[in-house]
Structures are given as C-alpha cells and as structure tokens.
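Written below as structure tokens is the structure these notes are about.
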Amino acid sequence: MMVPLLFVLFAGAGIIWIGTWARTTVVILVRHAEASTVPLEDPDLSAAGEARVRGLGEYIAGLLAGGKVDYLYSGDTRRAAQTAAPIANEFQLPVNLLAASDWDGLASRIKDEHRGKTIVVVGYSSTIPGVLSRLSATNVAMASDDYDSIYLVVVPSPGSVRLFKLHYGSQPSAGPDPGKKTVKP
C-alpha cells in the first residue's frame, strides 16, 4: 500500500517540477530610436525617432501569440525611456530602468528570475549585442545607424535557443525632392 502511494507522490512531484522547469522565455530587444543631436549628453528622440516608435507597442503586441509582456527594461537615458514609453503604455507596465552597471548581469537575471515570461529590453548598440550573446551564444554587431532592428530571442526550456531579427517603424523621410515639381489640381 505504501509503495503505490509513494509512486503517486513522486510522479506528481515530477510532473510539477517538469511543469515549472519546461517553460519558454521570450526576450525582445529593441535599440532606442533616432536621437536628437542636441543636447549631446542625454538627448530626447528626434522627430524621426518619435515617428518610428509611435506604433511600437502595437507592433510588439502583434508579434506575440498571447499579446502579453511581463517585464519591461530600459536604459536610463531619455532616448531609451522614450522608446520604451509606447511599450509601457500598450502593456500597462512600469519601465525598469537599467544603469550602465546593470547590463552585464541582465541576461543572467532574465534566465534566473523571468523563466517562462516575456521580457522587452530597450537598449543601445553597445549593450544589446552583449545581452544577445549571453542569451543565445550568437555574436551580433549593430551598426551605429541601425535604429529599426528588433531581436526576438526564444529560450525554450529544454531546447535550443532561437534568434530572429525583425524590423519596425517607418524609415525616416528625407523630405520632399527639391527637383520634383508638385502640381496642384
């Protein structure tokens, strides 16, 4: 009588353990949009950057089958926080600001504290490649003018990590062509 009961208890504990262990974590990494050139230290987004992020929250919601983000991290600069704002508004989330010293441990924090969750990280061309490398063991270089890339990292447990590169937002307009004539009706 005791052996079947122990078997049921161990089997139940195993199922619970597998259920908590076998979860997929989704990490979306976004570089901040175009920044103004003034002031040099901590600029706001430029008009092109504001235009680019306008539909960013909706775009990310459309990427996700469940349409839900659990955590939102952002660099602690104006340009990063302003890029994160439409995401925070779309998902009704607080923005967890990351200081320069927080970036090295972010991938470990995501793996340890956010397993099975969906996390969005808004960062920089200098920080996103390191987080991507630690999450996916893939080396990615970002150009200084790459403002439209989104990296989607799917971390199944167990299984192989998958990395996808997507693009978002409108391309900045160069303005009207001075050589093109406009005819009014």
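Selection of first residues in segment 60-76 that are touching a residue at least 24 places away in the same chain (Cβ under 8 Å) and of second residues that are crowded, with 16+ Cβ neighbours inside 10 Å and of a type in the set (Ser, Thr, Tyr), restricted to Cβ pairs under 7 Å at least 6 apart or on distinct chains, gives the following pairs, ordered by first then second residue: LEU64/THR118; LYS68/THR118; VAL69/THR118; ASP70/THR118; GLY75/TYR124; GLY75/THR127.
When the residues of segment 97-127 are filtered to those that are assigned to a loop (DSSP other than H, G, I, E, B) and of a type outside the set (Val, Ile, Thr), the one that is surrounded by the most Cβ atoms within 10 Å (Cβ to Cβ) is HIS114.
For the criterion of being assigned to a loop (DSSP other than H, G, I, E, B), under 30 Å from ALA47 (Cα atoms), under 14 Å from the mean Cα position of the chain (by Cα) and at pLDDT 95 or above, LEU93 passes. Just so you know, in segment 27-83 the residues that are hydroxyl-bearing (Ser, Thr, Tyr) and assigned to a loop (DSSP other than H, G, I, E, B) include one that is surrounded by the fewest Cβ atoms within 10 Å (Cβ to Cβ), and it is THR37. All conditions but one from (1) more than 24 Å from GLU58 (Cα to Cα); (2) small (Gly, Ala, Ser); (3) at pLDDT 95 or above apply to GLY123; the one that does not is (1). For segment 104-116, state whether one or more residues are modelled with pLDDT of 95 or more and under 29 Å from SER46 (Cβ atoms). Within segment 104-116, one or more residues are modelled with pLDDT of 95 or more and under 29 Å from SER46 (Cβ atoms).
The values are calculated or read from the model by the stated rules, or taken from the named source; none is laboratory data. Keep in mind that this is a model prediction, so the values were computed, not measured. A quick note on method: Cβ atoms are made from the backbone with ideal geometry, for glycine too, and the neighbour counts reach across all protein chains shown.
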